[in-house]
Structure formats: C-alpha cells, structure tokens
1. Taking residue A:69 as meeting all but one of (1) modelled with pLDDT of 95 or more; (2) not in a helix (DSSP H, G or I), write down the number of the exception.
2. Quick one: residue A:274 ticks every box in (1) under 28 Å from residue A:503 (Cβ atoms); (2) modelled with pLDDT of 95 or more bar one, so which box is it?
3. Would you mind stating whether residue A:500 is within 26 Å of residue B:80 (Cα to Cα) and of a type outside the set (Asp, Glu)?
4. Whether any residue in segment A:184-199 is part of a helix (DSSP H, G or I), crowded, with 19+ Cβ neighbours inside 10 Å and either in contact with a His (Cβ under 9 Å, 6 or more places away or on another chain) or among the small types (Gly, Ala, Ser) (or both) is what I want to check.
5. Please specify each residue of segment A:249-265 satisfying the condition of being closer than 26 Å to residue A:82 by Cα and away from chain B (no Cβ under 14 Å).
6. Restricting attention to segment A:266-284, which residues are more than 9 Å from chain B (Cβ to nearest Cβ) and either in a helix (DSSP H, G or I) or within 18 Å of the chain's Cα centre (by Cα) (or both)?
7. Going by the conditions given, is residue A:485 more than 19 Å from residue A:153 (Cβ to Cβ) and either facing another protein chain (nearest Cβ under 7 Å) or modelled with pLDDT of 90 or more (or both)?
Amino acid sequence: MTQLLPAAFSPGLVLIVAGILAALAPRMGRNLLGVAGVAIGFIHLLSYGNAPVGEALHFAQSSAMGFEFTGIRIDRLSVIFAIIFHIAAMLNVIYGWQHATRIEASMGLIYAGAAIGGALAGDLLTLFVYWELAALSSVFIVWAGGGHAAFKAGMRYLVIQVSSGLLLLAGIAVHIGQGNGIAFEAFSLTQADGSANAAAWLILVSFGIKAAFPFLHTWLQDSYPKASAVGAVMLSAFTTKLAVYTLARGFAGTDILIPIGAAMTAFPVFFALIENDLRRVLAYSLNNQLGFMVCAIGIGTPLALNGAAAHAFVHIIYKALLFMSMGAVMVRVGTTKATELGGLHKSMPWTTVFCIVGAMSISAFPLFSGFVAKSMITLAAAEAHLLFAYLVLLFASAGVLEHSGIKIPYFAFFAHDNFAPSVTGRARPKEAPAPMMIAMGIAAFLCVGIGIQPQYLFALLPFEAEYHAYTLDHVVTQMQLLLFAILAFALLVKFRLYPAEIRSTNLDVDWFWRVPGRIGLMAAVRGTAAGWRRIWGGLRRLAGGTVRSLYATHGPEGGLARTWPVGYTALTTAVVLAVALLAVFFAR
Amino acid sequence: MSEHPHIRDDERSVFERPGTIKLIWIVLIAGCVAFAAAGFWLAAEHMMHPHFEIDKFPAFYAVVGFVSFAFIVLAGQHLRRILMRPEGYYDGAEAELPRNPVAEDEVVVTDMDTEDEA
C-alpha cells in the first residue's frame, strides 16, 4: 500500500500536530481538526500494512550519538494497540463535541498521539519521550476538571507520573551501561549469573506505576473521577493500556506478574463495593480489569498474550462507554454519587441502554465483547494449571459483575427514584446531548459487534493460538457464574443485606502520603526553614559583628578616621624627635 | 426493582411494577436452573473440559459465582469500619460540591501557600 505520509512520520505525530493546532482553533475548528487528525493518523497507520506474526517492520531509523533509533516498529503487538488508541481518540472527539474545553480538546489529541507514538516506538529513548509526553498532556485534562480538589489531584498525578518517567530513564541508562543497545525488546529480571538485573527492575517499576500495580495504583482512583465528564473518558483509555502494551513487550512470561495481576483483580472489588462516587467505582473497576491483563502477561503463553491484547482492545471500548454514560449523568445532574442518583432510566433511556451494554460487556456476558477476550485469559490460566490464579480470576469475575455490571447501572438508573417531579418539584433531567449519544452508540455497537463477530478482532491478535470463544462449555460455565451471582445480588437486596450507599470518603493507601506523609513533609519543611533561619541568623550576627567592629575603627567616628589636629601633629613630632634624641644619646 | 414508598403511582416505570419484578425473579431463577442443568447434561455427555479436580463438579461455576458475590458483599461492607471517613475528609467541603464541567473555575491557592503565610 502506498504511504499517505512519509513513513518516518509516526501516526502519533499526526494527532499531536492536530492537537497543537486545535489549541488555537474555535470549537468547530477543534472538532474538525480532531476528526481529520484521527482519521489521517488511522489511514496512515493502515498504510504501513500489518506485519506477519513474529516479524516486525522498522521505519524512521536513524543513528545519533552512538544510539540506533527506531521511531516506528510495525508488528502485530504494536499495531493492535495503535488501532484501538485511534478508535478511542475518535470516540473522545465525538463525545466532547459540545462539552470539551479548549484545553481538553487539544490535550486529548496530544495525549492520544503520545500513546500511539509510544505503542509504535521501537527503541527505549523514543518510548521515554512519548511516555513523558503522555504524562504531561494528560495532567492538563485532570486540571481541566476544575476546582481545588482537581488541582491537587493533578499535582499528585503529575508527581507520580513523572516519577515513572524518571525510573524509566534511570532503567534505560543502566541498561545502556550494561552494554546493551536501546532497542525495546524483552527484559530479564535476572542476569546470566543469577543476580538481579537492576535495569529491568527499574523499568518494571516504571511500567508498574502506570499500569497501577497494587500500592502504586492510587493516582488512578484519585485523579480520574476529578476530571470533567469528557476528561475522564479521555483518561480512561491511554496511560494504563500503554503500560499494558509495554509490559507485554518487555516482560511477557515474567512469573511475578501472575500474583501481581491476581492481586490487582481482587482487591479493587472490595473498594468498589463501598465507594459512593460511581466514577471512582469505575476507576477501581479499571484497576481490576488491568489485573486480568497483567496476569495474562505473566502467564506469557501465546494464548495468554493474545488474551491480554484482546482484553485491552475490548476493555478500552466498554470502559470508555461506561465512563461516557456516567459523564452524561454528570452533565445532566452534576454529580455521579450513588446517593444522589437513581431512577434516571425514566428520562435517560438511551443512556441507560448504552450503560447496560457496557456493563454486560465488562461482566463478560456471551454475545458481548468482554466474553470473547476474558475467557481467553481464564482459559490460558487453566491450561497452564495455575489453580490459584484461576480461582482468583473467577472470584474477580464475580466482583466485576458486582461493581460494574450491577452497581453502576442499578444505582444510577434504577434503585431509588431521586428525580420524581413529585419529590423534587422540578422536571426530570433530560436525555444526554446528541454528540454524547452518538459516541455512546458507536461504542455500544462495537461492544456487541465484537461479541457477535469476534473473528475480526481475532485476526488482529499478535500470536498464533487455537481458540474458539463460543463453545458450549464456555457459554454454560460463564452463564452459571453470572446468573448465580445475580441471584446472590437479588437475594441480598431482598433480605436487605446489600449495603446502602453512604456519602463518604473511603481511604486507600494514598492516605499514607496524603495525611501522615503530608504532616511529615510539612514538618520537614518547617524544620528546614527553622534550621536555615538559625544558620542564616548566626551568619548575620557574625557578619554584623565584624561590620560593627570594622565600623568602630574605620567608620566616620572610628579611631582611624579622625581628622588629626595640628597640636597632635606637633606632639607626635616632638615624641619622634625625643625618641630619635634618646636613641642617638644611647648609641653614642 | 426497588421500593418507592414516596413517589406517585404514575411516576413508576414498568421496571418498578410488582408484576415486572415478579417476572424478573421468575426469569432469573429459571435461567439459573436451566444453566445448572445444562452443566450436568454437558458433563454427562463429556463435553465439559475440566482442567483441575475441583471444576469437574458440573455446577462448580454456579457455586463460585454465588459464593464469591455473597462473600464480596457481606465481607466487603465491613471495610467501611476501617476505611470510611466523612465527605471532604481530604480536601474540605468544596471538593464535594456538584460541578459544572464547562465552568471556568478561578485559580485557587493551595494549602501549602496559606500555611507558608501562617
């Protein structure tokens, strides 16, 4: 296929240029630039063609300062991520048609371009540049949420994201210092002599921060719910899935990722249960979904890696769909707190339907997109005879159903009707604005389309692996899991055992740096200030004393600055003469 | 799907009528029975492909689904005793107000600035 643009020009750069221009354009210009930028980038990506399984095409190769740069690597793994990032970017443009601010529209495109450029980067230094650009562009989207809380969350987000970049850079430096090139290939956590490979560990932690590993995850739940309705949808797609891509590229088959991934699927389930803000529930749910991908990468078989890539692909769509439906609620009602919502299906029926499609996809109902991808991961765990991981993944699947499949649609659109005119005295909230409905409609269509016709997704997968989603036993076992979990929900609600939503803030591990850490930091600041004052004060006293003593002798009143009277001169002359006379007298 | 003692009858949607709720229960229980039975049938026909000892039981996934869900809800809610704090715990009440996402907010000084002045 002929190239639309020079092969050395990354599709990601197309979106970045569109994003920079969009910063200067009025709303309609921004929208058209967004559509054109994403469309041109996508066609440009397709014009490279896809590489055969196991092979890679390299473009934008150059050499500078002794490093061999590969700006663009086209292979099966990079292309599937680049494609889904384009789809997400287009959904974002449409969804924000009326509501994206100038900053969000512009930075959203740059952020998407950085993720695409990062996924296609063939060397570590190019990856680092896009890695940092993704962090820097996305923080503006957090800040665009507005208000004090969003500003502070953005600062915390920025510190954590930039730390990830610094660790990556440190890891690259050590990696090069070990005599390796900068090509981005698989790493080993141990060296040939069995000792730990510091470079690989640094890079793993860097990727782990962006992939929201346990204890490194809180930036996600902290910042995403504080972005605007449009901003949260933009944020949900790129950073974490770029990290999943880099993990799949660099650490496939690394055993430690299996327990890490399993922990990631399980712990957010409990936090999501007690959380009141439904967008924060979605952020925990995002964490849980990443766990499935990380676990699959740890298993590392071709089927598992296909599962991770497929799951990232479908997950971006249905997670965006869920965030879009909550964004529509946010726009119409002003909040996504479960305590304030309920009964919205009566006036927002389309949003309700789209949300339920997203919920059924994420819960992996047969005929929806989550089913065809997630069952690949659980099957890979079973085929590798990882019983513990398998049971945790099943447990987490029930957890997904609880917080994303049921809680989100149930508390937002059903449950207690908080918007009945006889209660509020006002008309019910209106249905979502048209552009939001169109974006949700496209995402919902893709969720169902991939669920019914998974072969188009399977054709994009990076490895050769035999897999059939729709076997009788897959469908029956999955339906058993889901229906009996729903039965448990129905019984718990009926017997009033399901916890009511409560207006609250729930602590997570970020408490450690937001409360004691902050107190410690402020104490350190005060201690440093006090110490500095003491040192500075001592220096000033010392300098002041010196100046004063110099002044005393050399100042205008000082002994050495006196004007010497004639009498004093005569006396001095007499003294000198007397001394000379005496000297002569004794010397004779 | 839930009780609304305070809203008028004409404000109830089809999903809130007792008949519909009854129908949902019937469909749900019928579905559970059907897929549990299908599991036993597939096992009898040797069309299940268990990978471990534990999943040879034909209704294994039904048990896992029910028990996991019930455990998450019944055990998870006790986390509130440890983790729950009032709204605005970190950032004050301002952070909890409904927001208009399009509104241009004024730049606000951070706590650090104010503490420095103090």
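The values are calculated or read from the model by the stated rules, or taken from the named source; none is laboratory data. Keep in mind that what you see is a predicted model, and the values were worked out from it rather than measured. Here the Cβ is made from the backbone with ideal geometry for all residues, glycine too, and neighbour counts use every protein chain on show.
1. For residue A:69, the exception is condition (1).
2. Evaluating residue A:274 over (1) under 28 Å from residue A:503 (Cβ atoms); (2) modelled with pLDDT of 95 or more leaves (2) as the failure.
3. yes
4. yes
5. Of everything in segment A:249-265, those that are closer than 26 Å to residue A:82 by Cα and away from chain B (no Cβ under 14 Å) turn out to be A:249, A:250, A:251, A:252, A:253, A:254, A:257, A:258, A:260, A:261, A:264.
6. Listed by number, the residues that qualify are A:266, A:267, A:268, A:278, A:279, A:280, A:281, A:282, A:283, A:284.
7. Spelling it out, residue A:485 is indeed more than 19 Å from residue A:153 (Cβ to Cβ) and either facing another protein chain (nearest Cβ under 7 Å) or modelled with pLDDT of 90 or more (or both).
Conditions tested, residue by residue: (1) on the phi > 0 side of the Ramachandran plot; (2) under 21 Å from the mean Cα position of the chain (by Cα); (3) crowded, with 17+ Cβ neighbours inside 10 Å; (4) at pLDDT 95 or above.
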site: B:3; (1), (2), (3), (4): no, yes, no, no
site: B:27; (1), (2), (3), (4): no, yes, no, yes
site: B:67; (1), (2), (3), (4): no, yes, no, yes
site: B:92; (1), (2), (3), (4): yes, no, no, no
site: B:100; (1), (2), (3), (4): no, no, no, no
site: B:112; (1), (2), (3), (4): no, no, no, no
site: B:118; (1), (2), (3), (4): no, no, no, no
